[in-house]
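One structure is given here, and the rest of the page talks about it.
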Amino acid sequence: MTANTTAKLDLSLSGPDLTAALVDIESVSGNEGPIADAVEAALSSYPHLAVSRHGHTVVARTDLGRAERIVVAGHLDTVPVNRNLPSRRTEGTVHGLGSCDMKGGVAIALRLAASLTEPNRDLTYIFYDCEEVEAERNGLGRLAIERPDLLEGTFAVVMEPSNAVVEAGCQGSVRVDVIVPGQRAHSARWWMGVNAIHDAGDVLARLASYEPRRVPIDGLEYREGMNAVGISGGVAGNVLPDECRVSVNYRFAPNRSEDEALQHLRELFDGYDVEVTDSSPGALPGLTRPAAADFVIAVGGQVEPKFGWTDVARFSALGTPAVNYGPGDPQLAHTQAEYVPEEDIESVERNLRAWLA
C-alpha cells in the first residue's frame with residue numbers, strides 16, 4: 001500500500017484522524033507539493049481566513065483588528081520514508097512517518113484555523129516546506145526574507161513535538177568539514193606518500209576526548225554536543241588518499257553566537273582547515289518576556305529546554321518571542337517507529353483552544 005498523494009483534507013475530523021490523514025500524504029522534503037495543495041484547498045473554504053501560497057508554504061490569517069497577533073507555525077515535510085507509510089493506528093496512538101515530527105502538530109493548527117472564527121487575538125498560521133533539510137531551503141526562512149511582515153506577531157508557537165509541554169529556546173547548529181591533508185602515492189609504495197585517512201585519527205581522537213558544556217540559562221540546562229557525522233576520502237583501490245574530510249556537527253547552547261561557535265570549532269581543530277557547510281543560530285528561552293510567561297501559565301506551567309534546532313530561532317531573530325509546543329516525544333522524531341499519542345494531540349489542542357478562544 002502506498003501513501004495518498006491526491007488527498008483532500010477534512011478539517012472537521014478529530015485531531016488523531018486528521019493526523020493519520022496527513023501522514024498518508026507523503027511529503028518528504030522537496031515533495032511537499034501534494035500536501036501543500038491539500039492544505040491550501042482545505043483552508044481556502046473558510047471565509048474568516050485570508051489564504052496565500054508561497055511556493056509550497058501556505059499562510060492563513062485572520063484580520064479582526066485584535067490588539068495582539070499570534071503566529072502558529074508547523075512544517076509539512078518529513079525525513080525520508082523508512083518502511084513507515086501508510087499510517088496505522090493502535091489503541092491510543094497514531095503511527096507513521098511524520099506522525100510525531102510534526103503532523104500531529106500540523107493537524108492541531110489546521111483544526112484551530114478552521115474552527116476559531118472569533119479568536120481573542122488575531123492569528124497567523126504558517127504551514128511550510130523543507131524544514132528537515134539545509135537551512136537555505138527552509139520555507140519559513142524564505143518567507144522571512146521575502147515577506148517578513150507575515151511572520152510578525154506578539155508571540156509565536158512552533159508546533160514541534162515537545163511531549164505536550166513547553167520547550168523553550170533551541171540549540172544552535174553548525175556543520176563543518178575538518179579537512180585532513182595527505183599526499184598521493186601508489187599503495188604498493190605507501191612510504192612515498194601520506195595517507196590522509198590514517199591521519200584523520202587525530203581529528204577523531206580530539207572529538208572522542210571532547211567534553212561538551214552544560215549551560216544553565218533562565219533555570220534550564222542546555223547540553224551541548226560535538227559529533228562526527230560523516231567521513232569521506234579515497235581516490236582508488238591502489239592509491240593513498242591525499243585528502244580526508246571529517247564532517248562534524250556542533251550543537252551549541254543559545255548563549256553562544258554562530259561566530260563564537262565557529263571560533264570554538266577552529267580552536268578545537270587548530271592545525272586543520274575547517275570549512276562551514278551549514279549554520280543556524282540558537283534562540284534564548286526568553287521566558288521573561290510577558291507573552292511567553294503568560295503562555296507558559298496558560299498551558300500548564302511546565303517548561304523544558306529544547307535539544308535540537310527549531311524555527312523558534314527564526315522568530316527570535318525577528319524579535320518575536322517564541323516557544324516549541326506540540327504533541328509527541330521529540331526522541332521519536334526521525335525514527336522508523338515514530339508515533340504520537342492521541343492524548344497529546346487532544347491536550348495540546350485543548351490548551352491552545354482555551355488560550356485563544
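The values are calculated or read from the model by the stated rules, or taken from the named source; none is laboratory data. What you see is a predicted model, and the numbers here were worked out from it, not measured in a lab. Please note: Cβ atoms are built from the backbone with ideal geometry, for glycine as well, and neighbour counts cover all protein chains shown.
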> What strands (runs of 3 or more DSSP E) lie completely within segment 24-122 and have 1 or more residues being touching a Gly at 6+ places or on another chain (Cβ under 8 Å), touching a residue at least 12 places away in the same chain (Cβ under 8 Å) and of a type in the set (A, V, I, L, M, F, W, C)?
Replying inline: 69-75, 93-95
> Which of the following residues is buried (at least 20 other Cβ atoms within 10 Å of the Cβ) and in the same structural domain as residue 154 (by TED's automatic domain parsing): 295, 269?
Replying inline: 295
> How many residues does segment 244-274 hold that are farther than 22 Å from residue 198 by Cα and either hydroxyl-bearing (Ser, Thr, Tyr) or in contact (Cβ under 8 Å) with a residue 12 or more places away in the chain (or both)?
Replying inline: 12
>> Take residue 11 and tell me if it is free of Cβ contacts under 8 Å to residues at least 60 places away in the same chain and under 22 Å from residue 351 (Cβ atoms).
In response: no
> Using beta carbons and a limit of 9 Å, which pairs, at least six apart or on different chains, have the first residue in segment 321-348 and assigned by TED's automatic domain parsing to the domain that holds residue 81 and the second one in a loop (DSSP other than H, G, I, E, B) and aromatic (Phe, Trp, Tyr)?
Replying inline: 330/307; 348/325
> Of 19, 2, 6, which residue is under 23 Å from the mean Cα position of the chain (by Cα) and either among the hydroxyl-bearing types (Ser, Thr, Tyr) or modelled with pLDDT under 95 (or both)?
Replying inline: 19
>> Cβ-Cβ distance below 7 Å, separation of 6 or more or different chains: which pairs start in segment 144-159 with a residue that is on the phi < 0 side of the Ramachandran plot and surrounded by 15 or more Cβ atoms within 10 Å (Cβ to Cβ) and end on one that is among the small types (Gly, Ala, Ser) and part of a helix (DSSP H, G or I)?
In response: 151/144; 154/291; 155/291; 155/292; 159/105; 159/109
>> Any residue in segment 231-243 that is more than 16 Å from residue 192 (Cα to Cα) sitting within a Cβ distance under 8 Å of a residue that is modelled with pLDDT under 95? List the pairs, counting only those 6 or more apart or interchain.
In response: none
>> Suppose we filter 172, 153 for residues that are within 24 Å of residue 206 (Cα to Cα) and among the small types (Gly, Ala, Ser); which single one remains?
In response: 172
> When you scan segment 200-230, how many residues do you find that are touching a helix residue (DSSP H, G or I) at 6+ places or on another chain (Cβ under 9 Å) and in contact (Cβ under 8 Å) with a residue 40 or more places away in the chain?
Replying inline: 4
> Taking segment 221-244 as the region of interest, how many residues are surrounded by 15 or more Cβ atoms within 10 Å (Cβ to Cβ), charged (D, E, K, R) and under 26 Å from the mean Cα position of the chain (by Cα)?
Replying inline: 1
> How about segment 131-146: which of its residues are assigned to a loop (DSSP other than H, G, I, E, B) and out of contact with any strand residue (DSSP E or B) (no Cβ under 8 Å at 6 or more places or on another chain)?
Replying inline: 133
> Does residue 232 meet the test of being at pLDDT 95 or above, of a type outside the set (Val, Ile, Thr) and under 30 Å from residue 69 (Cα atoms)?
Replying inline: no
>> Can you pull out every residue in segment 161-174 that is outside any strand (DSSP E or B) and either modelled with pLDDT of 95 or more or of a type in the set (D, E, K, R) (or both)?
In response: 161, 162, 163, 164, 165, 171
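Matching residues to (1) in the same structural domain as residue 310 (by TED's automatic domain parsing); (2) modelled with pLDDT of 95 or more; (3) aromatic (Phe, Trp, Tyr); (4) surrounded by 13 or more Cβ atoms within 10 Å (Cβ to Cβ):
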{"residue": "176", "(1), (2), (3), (4)": "no, yes, no, yes"}
{"residue": "180", "(1), (2), (3), (4)": "no, yes, no, yes"}
{"residue": "191", "(1), (2), (3), (4)": "no, yes, yes, no"}
{"residue": "196", "(1), (2), (3), (4)": "no, yes, no, yes"}
{"residue": "212", "(1), (2), (3), (4)": "no, yes, no, yes"}
{"residue": "250", "(1), (2), (3), (4)": "no, yes, yes, yes"}
> Residues in segment 327-338: is at least one within 19 Å of the chain's Cα centre (by Cα), surrounded by fewer than 20 Cβ atoms within 10 Å (Cβ to Cβ) and part of a helix (DSSP H, G or I)?
Replying inline: yes
> Can you find a residue in segment 129-143 that is surrounded by 18 or more Cβ atoms within 10 Å (Cβ to Cβ) and of a type in the set (Val, Ile, Thr)?
Replying inline: no
>> Looking only at segment 234-274, how many residues end up being farther than 14 Å from residue 173 by Cα, outside any helix (DSSP H, G or I) and touching a Lys or Arg at 6+ places or on another chain (Cβ under 8 Å)?
In response: 7
> Restricting the search to segment 283-303, which residues are in contact (Cβ under 8 Å) with a residue 24 or more places away in the chain, out of contact with any Leu (no Cβ under 7 Å at 6 or more places or on another chain) and of a type outside the set (A, V, I, L, M)?
Replying inline: 286, 288, 289, 295, 300, 302
